[in-house]
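S.K.: Structure incoming, see below.
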Amino acid sequence: MNAESAAPLPNAAPTEACQLAERRWQAVTRRDPLADGEFVYAVSTTGVYCRPSCPSRAAKREHVTFFESSDLAVAAGYRPCKRCRPDAPSSRQKWTERVIAACRAIEQSASALTLDQLAQQAGMSAHHFQRRFKAVTGLSPKAFHKAVLARRVVASLQSAHTVTEAIYDAGFNSTGRFYENASALLGMSPDRYRKGGAGEHIRYAVESCTLGWVVIAATRQGICAIEFGDTAQTLASQVQARFPRAQFEPPDAEFTRWVARVIGYIEQPRGVLDLPLDLQGTVFQHRVWQALQAIPAGQTASYTEIAGRLGQPRAVRAVAHACASNPVAVAVPCHRAVRADGKLAGYRWGIARKAELLRRENED
Ligand SMILES: [Zn+2]
């Protein structure tokens, strides 16, 4: 685990904690039902705690304390309000549970479930279900189903005798349909993905730069890894461990040019590093990586903004996680993703490198 995926939101610095409390107070004054389940607020003068949407008369700000959960408010000695029943599951928790049940149904079903079937099982209209599903998972039910199939194929490619067999095992009803989607889902064709990059031709170079060591690896389709590290040996063994069955080739002239471009960009990040990429990831990860590539050098965007640009404003954690899973430093500029308050948050290759990359981009 790295810092970004482990804890993008907690570990709040004092100013961030103040901003969070302020946002929560705003939600309480609006009686925002969407904030239910995110926190509760307790009132020191009454000893009672409430959901943000509680219809009772608003307390004074100086008497209000926020808690992450009902349990914490109880532990601090508060009683649940009898009007809003903050200790009972909220409607939001209830539909979140129904979406999770739908995810399980999709995962366990041998055939594709229709939107209507899923919505009916969840007791919601198709439109409402689609919206709730997207808010919880960050994906439409259809995209989620595709991702589930892709995971099954990845798992079965390791053991199946043929790729076709693996595809049928995974629930795709024709090989043609799978191949149409395969590159987007796997980041490489199923033949190439099979068995740790068997049949894959990989060139790589470990170079020293002013941010330490960097390994750059490429398939014949494009760059598949750019990673920083502190020793050349570790980086070389990481590449070999990631593609244990690949055939490693000596760098050719084209690859050497790519390496030079990457190193040049690290030292002086200007414009866009437009090299061919060959990335493995889910549909959602690819969408986040594309959104990162659209952030110009010298600018940043928060995880919240990126989630908004994807049309999935609640998928903030999933966005932070996709940023943290980026396999190609700089080429997919995940260092330009920051917290909502402008703080750097984590970086897969160390926060000092992130800060330095951003500093270089802002140099005249
Ligand atoms: Zn209440």
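S.K.: Of the residues that sit in region 12-37 and are aliphatic (A, V, I, L, M) and under 19 Å from Pro80 (Cβ atoms), which one is modelled with the lowest pLDDT?
M.R.: Ala35
S.K.: Right, another one. Suppose we keep only residues that are closer than 21 Å to Ile202 by Cβ and out of contact with any Phe, Trp or Tyr (no Cβ under 9 Å at 6 or more places or on another chain) within region 275-298. Which one would you say is surrounded by the fewest Cβ atoms within 10 Å (Cβ to Cβ)?
M.R.: Step by step, filter region 275-298, then rank; the result is His286.
S.K.: While we're here: Tell me which residues, restricted to region 129-154, are under 19 Å from Val316 (Cβ atoms), open to solvent by less than 10 Å² (accessible area, probe 1.4 Å) and either at pLDDT below 75 or not assigned by TED's automatic domain parsing to the domain that holds Gln117 (or both).
M.R.: Scanning region 129-154 gives a single hit, Gly138.
S.K.: Shifting gears a bit: Would you check if there is a residue in region 328-335 being over 29 Å from Phe243 (Cα atoms) and either of a type in the set (Asp, Glu) or touching a Phe, Trp or Tyr at 6+ places or on another chain (Cβ under 9 Å) (or both)?
M.R.: There is no residue in region 328-335 that is over 29 Å from Phe243 (Cα atoms) and either of a type in the set (Asp, Glu) or touching a Phe, Trp or Tyr at 6+ places or on another chain (Cβ under 9 Å) (or both).
Residue-by-condition table, conditions (1) among the aromatic types (Phe, Trp, Tyr); (2) modelled with pLDDT of 90 or more:
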position	(1), (2)
Leu279	no, no
Gln285	no, no
Ile295	no, yes
Tyr303	yes, yes
Ala307	no, yes
Arg317	no, no
Cys323	no, yes
Pro327	no, yes
Val332	no, yes
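S.K.: Any idea how many residues of region 60-100 are open to solvent by 90 Å² or more (accessible area, probe 1.4 Å), farther than 22 Å from Trp25 by Cβ and away from the ligand (no atom under 15 Å from the Cβ)?
M.R.: Here the count works out to 3.
S.K.: Among the residues of region 244-258, is there at least one that is in a loop (DSSP other than H, G, I, E, B), out of contact with any His (no Cβ under 8 Å at 6 or more places or on another chain) and open to solvent by less than 10 Å² (accessible area, probe 1.4 Å)?
M.R.: Checked region 244-258: no residue is in a loop (DSSP other than H, G, I, E, B), out of contact with any His (no Cβ under 8 Å at 6 or more places or on another chain) and open to solvent by less than 10 Å² (accessible area, probe 1.4 Å).
S.K.: Here is a further query. Give the residue, chosen from Val283, Val259, Val272, that is among the aliphatic types (A, V, I, L, M) and in contact with a Leu (Cβ under 8 Å, 6 or more places away or on another chain).
M.R.: It is Val283.
S.K.: Given the residues Val74, Val40, which is the only one that is aliphatic (A, V, I, L, M), part of a helix (DSSP H, G or I) and modelled with pLDDT of 80 or more?
M.R.: After applying the criteria, what remains is Val74.
S.K.: Also, quick follow-up: Which of the numbered conditions does Lys354 fail, given that it passes all the others? Conditions: (1) open to solvent by less than 20 Å² (accessible area, probe 1.4 Å); (2) in contact with a strand residue (DSSP E or B) (Cβ under 7 Å, 6 or more places away or on another chain).
M.R.: The number of the failed condition is (2).
S.K.: Can I ask one more? Name the single residue, out of those in region 22-44 being within 14 Å of the ligand (Cβ to nearest atom) and closer than 21 Å to Gly77 by Cβ, that is farthest from the chain's Cα centre (by Cα).
M.R.: Val43
S.K.: Given the structure, is Ala112 assigned to a loop (DSSP other than H, G, I, E, B) and either among the β-branched types (Val, Ile, Thr) or under 30 Å from Ala143 (Cβ atoms) (or both)?
M.R.: It is true that Ala112 is assigned to a loop (DSSP other than H, G, I, E, B) and either among the β-branched types (Val, Ile, Thr) or under 30 Å from Ala143 (Cβ atoms) (or both).
S.K.: Going through Arg57, Arg61 one at a time, which residue ends up being at pLDDT below 90 and more than 33 Å from the chain's Cα centre (by Cα)?
M.R.: Step by step, each of Arg57, Arg61 is checked, and only Arg57 is at pLDDT below 90 and more than 33 Å from the chain's Cα centre (by Cα).
The values are calculated or read from the model by the stated rules, or taken from the named source; none is laboratory data. In this text, all values refer to a predicted model and were calculated from it rather than measured experimentally. Virtual Cβ from ideal backbone geometry, glycine too; neighbours counted across all protein chains shown. In case anyone asks, the SASA skips ligands and DNA or RNA and just uses the protein heavy atoms, side chains included. Shrake-Rupley method; radii C 1.70, N 1.55, O 1.52, S 1.80 Å.
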